[in-house]
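Heads up, the thing below is written out as structure tokens.
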Amino acid sequence: MKSLESWGRYPRVEQRTQALTWRSDALPEVSGSVLPHGLGRSYGDSCLNGGGTLLLTSGLDRFIDFDPATGVVRCEAGVSLDMILRLGAPRGWFLPVTPGTKFVTVGGAIANDVHGKNHHCAGTFGRYVRRFELVRSDGSRRICSPDENPDWYGATIGGLGLTGLITWAEVQLKPISNPYVLQETVPLANLDEFLVVARESEADHQFTMAWVDCLARGKKVGRGLLYRGNFAPPQFDGLPLAKSHLSHGIGLAVPMDMPSFCLNRLTVSAFNWLYFHRQNGKPKQRLTHYDPFFYPLDAIYGWNRIYGRKGFLQFQCVVPYSTARDALKDILERSSRGGLPSFLSVLKTFGDIPSPGWLSFPRKGVTLAMDFANRGEKTYRLVEELDRVTREAGGAVYPAKDARMSPESFAAYFPRHTEFAGYVDPAFSSSFWRRMHPVSLPFSLESERASGAPQPQSVLALR
Amino acid sequence: MKKVLVLGATSAIAQATVRLLAARGASLYLVGRNAANLDAVTKDAATRGAAKVESKAVDLNDFATHEALVEGAFQALGGLDGVVLAHGVLGDQAESQATWTATEAVLRTNFMSAVSLLTPLANRFEAQKAGTLVVISSVAGDRGRQSNYVYGASKGALNVFLQGLRNRLAKANVAVVTVKPGFVDTPMTAHLPKNKLFASPEKVARGLLRAADSRKNEVYVPGIWALIMLIIKSIPESVFKKLKL
Ligand SMILES: Cc1cc2nc3c(=O)[nH]c(=O)nc-3n(C[C@H](O)[C@H](O)[C@H](O)COP(=O)(O)OP(=O)(O)OC[C@H]3O[C@@H](n4cnc5c(N)ncnc54)[C@H](O)[C@@H]3O)c2cc1C
């Protein structure tokens, strides 16, 4: 048993691991349940399988082919988005949709149907997945696409790794004329301003997102900076086309777990104050390489360790425009009142481009993501409250970032969950999935207990 | 190395080496046993920028195919200037102690098949007066230990063979590079508990190519193993035989 962590380092569960090496191999035979695991960039328990086995896909990292004329790349599921960028960017092809870190696998990007800063004009990652192979525990292999096995295609995109193992996938990249982004930063006084500026920005910016100061209160709730941008036109400002495609990150690493006193209300508010005022109230334009624009956090390798050994919880919700203002205000105020600093809080808007994935999280509205240092019960209760507020607002919480949503909420957020359940592979399970289905445990409590996993207090608490 | 034959191309270290060679735009002739896996490595190399990739699925324990295999590689790439010999098995010491058959299998794959392949390769390289032969051996060949002396013996024999070959080919301008990795985190060692001394196949591949580029004789990768093996080799036999190693 090995404790493999998710990005938030909470919850901690014990599980076996089994490395996969070849895409044509059969699934390994193990007792208990299995779950594919990419680069573990999911925050909560959806990439964990307490008491079971994680199938590590990082060895499935080969390319199959890439057509520089059409931008279609075919690769194994453990290939990271970083590897795709290294291949594509110098040849003028970029990811059609990318999350805020490039250290995720293609399999993980499909299983969570990830979104980027361009959801309003591009939709989710799943839309660009032309085909993939799905291997089930009964030994069957299916090619899934909008035309072949469309039901398996729809269930697996956003399917949280539960429908089987994706061995390879074919993804359509999008053309860019150079690796630079023309970025504009606009200061926002509060949430109302965000709602106006974000909508306006969508018209002529492919990428938008806002950083919010979570500790601002009263009229200042939602104070922050909005970033918007487009890939720069070719030869902008006389810059050479396709200069280095290599990382521009400063390449720091967090060498160890930081003691938890480093993060408190004071340090976070000081950081937020500095960050906000650096901007001196005026919009700013600059040209920036794609790396710092899309992946600012990747420059600090292992930044999740800043939160110390107890880890942290991320909470990301989306709420419809009709309830956005009140619900987000409520959520931001609750978290700031709770006295639990959220270092990084991000607001974005989602458009209404549908995803092929049945359990896809993005839907039209406003999305807010927050990090909370794990201070035990206090934090869990806060996150559970935010889940409830989201549900009442008719929104949804993102399973990839979740550790506390209730089974009732899950059912409400994902109306196709019952249909989906019929596609879950009987040998596959996850800590998240068991948390959402506490009564119909596919694997016995006994085996999880015997595994040395922490003793669950109640069936509900079992992960 | 621009036109390279890779023997045992589906092994983890070879795969990592193939990627680095492909990124440099080399032409490659890849040989492995499992056709499907070899195909995966071949396509990966082509996508990553190899100028040309050909492959052949054969069992290298079948010595009768070796001459034709070498001929085929020269034909396919229009000549060769590099070879990376990477196939090998770890074997099971307990089984080897129990039966000669198990011991023989290890010696055949790790030593005899290498010699059988290096014989025609060395002759051609000697004739063309150019080229680099890189052979992956192991630190285990430096001193016999009870825990894996059959594997160690196969690699030790290989090391001596390579020394002789190097001595013979030096005047023909052919480099013979013996690469001695320590513990490497690969499917071959998946069952072993890992510690800090385990290196990634990528790290070993970088060390291997650095050694090949500078036409080194014998290299330990990672370099720390030079020190470790110096110590292990210098323990007097009278003491060594009492150790549990
Ligand atoms: C700094 C940071 C920023 C982020 N920003 C965003 C963002 O902007 N938008 C967004 O959507 N997400 C974002 N995320 C979340 C991240 O994109 C997702 O969690 C992503 O799915 C992680 O991929 P992974 O390869 O690490 O997979 P893991 O986290 O290891 O696994 C994720 C899921 O994929 C499944 N899976 C993995 N491989 C396979 C396979 N081969 N076959 C079947 N199932 C598989 C797993 O079972 C699991 O359910 C961010 C994460 C971080 C750390």
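The values are calculated or read from the model by the stated rules, or taken from the named source; none is laboratory data. None of the values given here were measured: they were computed from a predicted structure. Using ideal geometry, Cβ is built from the backbone for each residue, glycine included, and neighbour counts are taken over all protein chains shown.
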Residue tally, condition on the phi > 0 side of the Ramachandran plot and either at pLDDT 95 or above or within 16 Å of the ligand (Cβ to nearest atom) (or both), over segment A:368-405:
1
Go through (1) surrounded by fewer than 23 Cβ atoms within 10 Å (Cβ to Cβ); (2) touching a Leu at 6+ places or on another chain (Cβ under 7 Å) one by one and return the number of the condition residue A:212 breaks.
(1)
Filtering segment B:101-126 for residues that are free of Cβ contacts under 8 Å to residues at least 60 places away in the same chain and more than 15 Å from residue B:151 (Cβ to Cβ) leaves a count of 11
Odd one out for residue A:359, checked against (1) more than 13 Å from the ligand (Cβ to nearest atom); (2) of a type in the set (A, V, I, L, M); (3) under 30 Å from residue A:144 (Cβ atoms)
(1)
Going by the conditions given, is residue B:60 assigned to a strand (DSSP E or B), away from chain A (no Cβ under 11 Å) and within 28 Å of residue B:105 (Cβ to Cβ)?
no
Answer yes or no as to whether residue B:4 is out of contact with any Phe, Trp or Tyr (no Cβ under 8 Å at 6 or more places or on another chain) and within 20 Å of residue B:221 (Cβ to Cβ).
no
Sole exception among (1) within 9 Å of the ligand (Cβ to nearest atom); (2) farther than 19 Å from residue A:170 by Cβ; (3) surrounded by fewer than 24 Cβ atoms within 10 Å (Cβ to Cβ) for residue A:37, by number:
(3)
Output the residue which, of all residues in segment A:171-195 that are in contact with a helix residue (DSSP H, G or I) (Cβ under 9 Å, 6 or more places away or on another chain) and free of Cβ contacts under 8 Å to residues at least 60 places away in the same chain, is nearest to the ligand (Cβ to nearest atom).
A:188
Residue hits (segment B:28-40; surrounded by fewer than 22 Cβ atoms within 10 Å (Cβ to Cβ) and not in a loop (DSSP other than H, G, I, E, B)) are B:35, B:36, B:37, B:38, B:39
Condition check: under 19 Å from residue A:160 (Cα atoms), modelled with pLDDT under 95 and basic (Lys, Arg). Does residue A:9 satisfy that?
yes
Meets criteria (in contact with a Cys (Cβ under 9 Å, 6 or more places away or on another chain), within 15 Å of the ligand (Cβ to nearest atom) and either more than 14 Å from chain B (Cβ to nearest Cβ) or more than 25 Å from residue A:68 (Cα to Cα) (or both)) for residue A:168:
no
Test: residue A:23 is within 14 Å of chain B (Cβ to nearest Cβ) and assigned to a loop (DSSP other than H, G, I, E, B)
yes
May I ask you to verify whether residue A:52 is of a type in the set (Gly, Ala, Ser), in contact with a strand residue (DSSP E or B) (Cβ under 7 Å, 6 or more places away or on another chain) and surrounded by fewer than 22 Cβ atoms within 10 Å (Cβ to Cβ)?
no
Quick count over segment B:92-114, residues being more than 12 Å from the chain's Cα centre (by Cα) and either surrounded by 21 or more Cβ atoms within 10 Å (Cβ to Cβ) or among the hydrophobic types (A, V, I, L, M, F, W, C) (or both), is 9
Candidate set: segment A:83-131, residues that are within 14 Å of chain B (Cβ to nearest Cβ) and of a type in the set (D, E, K, R); chosen: the one farthest from residue A:290 (Cα to Cα):
A:91
Select from segment A:142-165 the residues that are within 13 Å of the ligand (Cβ to nearest atom) and free of Cβ contacts under 8 Å to residues at least 40 places away in the same chain and write down the one among them that is farthest from the other protein chains (Cβ to nearest Cβ).
A:144
Return the residues of segment A:47-64 that are away from chain B (no Cβ under 13 Å), in contact (Cβ under 8 Å) with a residue 60 or more places away in the chain and either near the ligand (Cβ under 9 Å from one of its atoms) or of a type in the set (A, V, I, L, M) (or both); say none if nothing qualifies.
A:47, A:48, A:49, A:55, A:57
If I filter segment A:4-16 for residues that are within 13 Å of the ligand (Cβ to nearest atom), within 14 Å of chain B (Cβ to nearest Cβ) and touching a residue at least 12 places away in the same chain (Cβ under 8 Å), do I get at least one hit?
yes
I'd like to know if segment B:43-53 contains one or more residues that are within 14 Å of chain A (Cβ to nearest Cβ), part of a helix (DSSP H, G or I), polar (S, T, N, Q) and crowded, with 16+ Cβ neighbours inside 10 Å.
yes
By residue number, the members of segment A:65-82 that are aliphatic (A, V, I, L, M) and either at the interface with chain B (Cβ under 9 Å from one of its Cβ atoms) or out of contact with any Phe, Trp or Tyr (no Cβ under 7 Å at 6 or more places or on another chain) (or both) are A:69, A:72, A:73, A:81
Of all residues in segment B:185-228 being more than 14 Å from chain A (Cβ to nearest Cβ) and of a type in the set (Val, Ile, Thr), the one that is surrounded by the fewest Cβ atoms within 10 Å (Cβ to Cβ):
B:224
Residue check for residue A:136: of a type in the set (D, E, K, R) and within 12 Å of the ligand (Cβ to nearest atom)
yes
For segment A:329-356, what are the residues that are within 16 Å of the ligand (Cβ to nearest atom), of a type outside the set (D, E, K, R) and within 28 Å of residue A:186 (Cα to Cα)?
A:342, A:343, A:344, A:345, A:346, A:347, A:349, A:350, A:351, A:353
